[in-house]
Amino acid sequence: MDHDLPNFQIPHAEKIDWMIETAGWAIESVDPGSFATSDGAPFPVYSYSVNFDGFIDFPNVVVCGLTPVTCKGLFDLIIEVVPRARDSGSPIEINTDLLGLFDGEQRARFVSIDVQAWGELFVSATSWYRGRSFEVVQLLWPDRNGFLPGEAGFDQKLRFAQPLLSL
């Protein structure tokens, strides 16, 4: 019976183009399979935005270790928060703690990453930008005790779910 179903398969690059044409930005979710971090640990599932810079004048964002649907919700929230913060005269700063993005006044932080060093994570973005440079920041989310990756006290079991990609 599958032969009766329409075939909606289109090239991946066209899907990214379609998302950007219809929404202004795209989300790319990746299960890296055999990719490993520099210390040999397996890399977690991650999602990143494409064209946040053109859509909300903010770097693209990568989130590691959360489901694609969770990341989509976070990206939608970022799309609301970034322009509102800028319009209020308090733009969101990179590499600075941020309160209020997550429930319960938990801290978050956008940290700069080296796209050249981590470029293999952003294949679809690299293709979409067609050789133009682009910036990506990592959104760090807190552990159950409120610590962020790289901080003393951060739950080390989560370092595999949320590797720190910062400079």
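The values are calculated or read from the model by the stated rules, or taken from the named source; none is laboratory data. The structure displayed is predicted, hence computed values, not measured ones. Cβ coordinates were reconstructed from backbone atoms using ideal geometry, including for glycine residues, and neighbour counts include every protein chain displayed.
Residue check: Gly73 meets all listed conditions (1) surrounded by fewer than 12 Cβ atoms within 10 Å (Cβ to Cβ); (2) within 22 Å of Ser29 (Cβ to Cβ) but one, namely (1). Taking the criterion of being in a loop (DSSP other than H, G, I, E, B), surrounded by 15 or more Cβ atoms within 10 Å (Cβ to Cβ) and at pLDDT 95 or above, the only residue of region 15-44 that qualifies is Trp25.
Please enumerate the residues belonging to region 105-136 that are within 20 Å of Phe75 (Cβ to Cβ) and loosely packed, with under 11 Cβ neighbours inside 10 Å. Even if it seems obvious, please write down each step before you answer.
Of all residues in region 105-136, those within 20 Å of Phe75 (Cβ to Cβ) come to 106-113, 115, 118, 121-129, 134-136.
None; the set is empty.
Taken over region 77-104, the criterion of being in contact with a helix residue (DSSP H, G or I) (Cβ under 7 Å, 6 or more places away or on another chain), surrounded by 13 or more Cβ atoms within 10 Å (Cβ to Cβ) and more than 21 Å from Gly24 (Cα to Cα) is satisfied by Leu101 alone. Among the residues of region 129-147, those that are under 22 Å from Gly54 (Cβ atoms), within 16 Å of the chain's Cα centre (by Cα) and not in a loop (DSSP other than H, G, I, E, B) comprise Val136, Val137, Gln138, Leu139.
Listed by position, the strands (runs of 3 or more DSSP E) enclosed by region 51-127 that each have at least 1 residues that are free of Cβ contacts under 8 Å to residues at least 60 places away in the same chain are 97-99, 107-112. Can you say whether Ala152 is over 17 Å from Asp53 (Cβ atoms) and in a strand (DSSP E or B), as far as the supplied structure shows? Judged against the criteria, Ala152 is not a match.
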